[in-house]
Amino acid sequence: MTAGNGPWTGAGLAESVLAARDLSCIRGERAVFAGLSFALPEGAALVLTGANGAGKSTLLRILAGLLRPAEGAVLWRGEDTSADPAAHARRLRYLSHQDALKPALTVAENLSFFASLWGGAVAPALAAMALTPLADLPARVLSSGQKRRLALARLVLAPASLWLLDEPTTGLDAASVERLGPVLAAHRAAGGIVVAATHLPLPLPDARELRL
Amino acid sequence: MSGFLALVAREVRLALRHPADTLGAVLFFVLVAALFPFGVGPAPETLARLAPGALFAAALLAALLPLDRLFGADAEDGTLDQLLLSGLPRGGIAAAKALGHWITTGLPLLAATPVAAALLNLPVEAWGAALAALALATALLSLLGTVGAALTLGARRGSVLLPLLVLPLAIPAVIFGAAAIEAAASGLSPAPFLLLLGAGVSLAAPLAPLAAGAALASE
């Protein structure tokens with residue numbers, strides 16, 4: 001459990017927005033991680049690294065509120081997020097391993113369903129991930145990289161304070177990874193937090209690294 | 001509310017793009033109804049005597065068919081995680097799923113009911129009561145089935161477990177539904193039985209989505 005040096009390492013709990021306090025997780029009688037703590041201020045990025053099975057995806061699910069930690073708590077501005085999971089859910093976007101797309105719906109329809117849940121406009125989100133020419137194709141015919149881009153386009157739909165990204169660049173070509181850079185930078189510039197699990201380098205300057 | 005409607009609209013749109021599930025349930029319903037004349041012989045009185053119960057058993061079994069994919073498909077492709085984080089209450093997600101199931105399975109079964117009723121030699125004057133009773137019974141099954149689908153989500157052999165959980169709960173619907181049809185066939189008013197079925201639906205409509213939502217939460 002080593003934390004790399006970020007430019008804000010001195011940030012105290014007081015100015016932190018997202019904080020993990022003594023998180024531990026047990027999966028099938030085996031402790032995946034224990035006593036995990038970190039604190040992130042506005043605009044921060046945290047990259048989770050570690051071997052397969054180290055608990056990166058599990059930690060993201062705990063931060064999203066989809067899993068309950070065995071011990072510890074996830075705090076948002078000092079308040080336990082498990083006290084009001086619905087409010088926590090509304091402030092975050094979670095990109096899992098799966099792209100959560102319906103093959104039978106078109107690219108635009110897949111996105112407009114989430115736009116009707118969260119608000120936001122479909123066209124700019126498609127443009128941000130260079131998917132506009134594919135808008136009317138069924139998601140079934142997309143390549144795996146294009147599907148990933150469509151899942152990433154969901155992030156751009158409507159602003160949310162916390163992005164939890166599980167291997168966001170899997171299957172993406174170099175140009176698409178580059179396109180993700182300004183999207184992540186704009187989110188952080190607006191005060192948003194990014195927590196990403198990855199094996200590949202991400203366009204996240206000054207990101208802190210947490211090795212699980 | 002707009003999220004709820006968006007989810008229902010998405011269920012309907014997906015069913016229209018993949019009509020195989022709906023068509024499969026409807027054909028299953030008609031085929032099971034068609035098996036009875038072969039089994040009991042073509043004597044019209046025997047068949048008409050069996051018709052109400054056979055119609056109900058066939059319709060409820062057919063409505064069960066698409067239930068194990070109700071949450072399963074969304075859980076496999078990651079959509080369920082997104083729905084749980086959508087800000088919609090879990091009970092609302094379950095209610096939208098139940099309504100979606102009724103629109104995409106219950107309504108098509110109602111449309112096929114005249115065909116099945118004719119195959120079973122049900123007297124024409126009882127068809128109205130049969131439609132009303134089946135409309136209520138399939139709605140009840142959609143609600144109970146949503147609870148079963150949420151409970152068996154992720155369980156091994158969930159598709160076997162699901163009917164075992166749901167069908168016993170549907171027994172009152174079969175009793176009152178068949179009684180309504182029999183009453184109409186013999187010239188009596190089916191209203192008391194339909195009202196009892198309606199009471200079952202009104203009881204399940206608020207409670208079943210809450211139970212299903214709680215089952216999703218503990219997944």
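Residue under question is B:Gly3, and the condition is that it be on the phi < 0 side of the Ramachandran plot, in contact with a helix residue (DSSP H, G or I) (Cβ under 7 Å, 6 or more places away or on another chain) and surrounded by 18 or more Cβ atoms within 10 Å (Cβ to Cβ); does it hold?
Numbers: on the phi < 0 side of the Ramachandran plot: yes; in contact with a helix residue (DSSP H, G or I) (Cβ under 7 Å, 6 or more places away or on another chain): yes; surrounded by 18 or more Cβ atoms within 10 Å (Cβ to Cβ): yes.
Yes.
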query: Say we look at the range B:57-76 and pick out the residues that are of a type in the set (D, E, K, R) and crowded, with 17+ Cβ neighbours inside 10 Å; which of these is modelled with the highest pLDDT?
result: B:Asp74
- line: A:Ala70: passes all of (1) away from chain B (no Cβ under 13 Å); (2) within 18 Å of the chain's Cα centre (by Cα) but (2)
field: Of all residues making up the range B:75-118, the number that are away from chain A (no Cβ under 14 Å), over 15 Å from the mean Cα position of the chain (by Cα) and β-branched (Val, Ile, Thr)
entry: 1
- prompt: Out of the residues in the range A:95-114 that are of a type outside the set (S, T, N, Q) and surrounded by fewer than 18 Cβ atoms within 10 Å (Cβ to Cβ), which is nearest to the other protein chains (Cβ to nearest Cβ)?
  reply: A:Ala104
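Have a look at A:Arg68, A:Arg77, A:Arg61 and point out the one that is crowded, with 16+ Cβ neighbours inside 10 Å and either without any contact (Cβ under 8 Å) to a residue 24 or more places away in the chain or basic (Lys, Arg) (or both). Break it down into steps so the answer makes sense when it comes.
Numbers: A:Arg68 fails: crowded, with 16+ Cβ neighbours inside 10 Å; A:Arg77 fails: crowded, with 16+ Cβ neighbours inside 10 Å.
Sole residue among the options that is crowded, with 16+ Cβ neighbours inside 10 Å and either without any contact (Cβ under 8 Å) to a residue 24 or more places away in the chain or basic (Lys, Arg) (or both): A:Arg61.
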- prompt: Any chance the range B:70-79 includes a residue that's over 22 Å from B:Leu161 (Cα atoms) and out of contact with any Asp or Glu (no Cβ under 8 Å at 6 or more places or on another chain)?
  reply: yes
query: Within the range A:84-107, can one find any residue that is in contact with a Leu (Cβ under 9 Å, 6 or more places away or on another chain), in contact (Cβ under 8 Å) with a residue 24 or more places away in the chain, farther than 20 Å from A:Ala45 by Cα and part of a helix (DSSP H, G or I)?
result: yes
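Pick from the range A:73-94 the residues that are charged (D, E, K, R) and facing another protein chain (nearest Cβ under 9 Å): which of them is nearest to A:Gly55 (Cα to Cα)? Can you show your working first?
Looking only at the range A:73-94, we keep the residues that are charged (D, E, K, R), and these are A:77, A:79-80, A:84, A:90-91, A:93.
Of the ones still in play, those that are also facing another protein chain (nearest Cβ under 9 Å) are A:90, A:93.
On the way: A:Arg90: 24, A:Arg93: 19 Å.
By that ranking, first place goes to A:Arg93.
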task: Answer yes if at least one residue in the range B:49-56 is exposed (fewer than 15 other Cβ atoms within 10 Å of the Cβ), more than 9 Å from chain A (Cβ to nearest Cβ) and either in contact with a helix residue (DSSP H, G or I) (Cβ under 8 Å, 6 or more places away or on another chain) or outside any helix (DSSP H, G or I) (or both), and no otherwise.
output: no
message: Given the condition crowded, with 16+ Cβ neighbours inside 10 Å, within 14 Å of chain A (Cβ to nearest Cβ) and among the β-branched types (Val, Ile, Thr), answer yes or no: does some residue in the range B:31-44 qualify?
response: no
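The values are calculated or read from the model by the stated rules, or taken from the named source; none is laboratory data. A quick note: this is a predicted structure, and the numbers were derived from the prediction, not measured. Note that we place each Cβ from the backbone using ideal geometry, even for glycine, and neighbour counts take in every protein chain shown.
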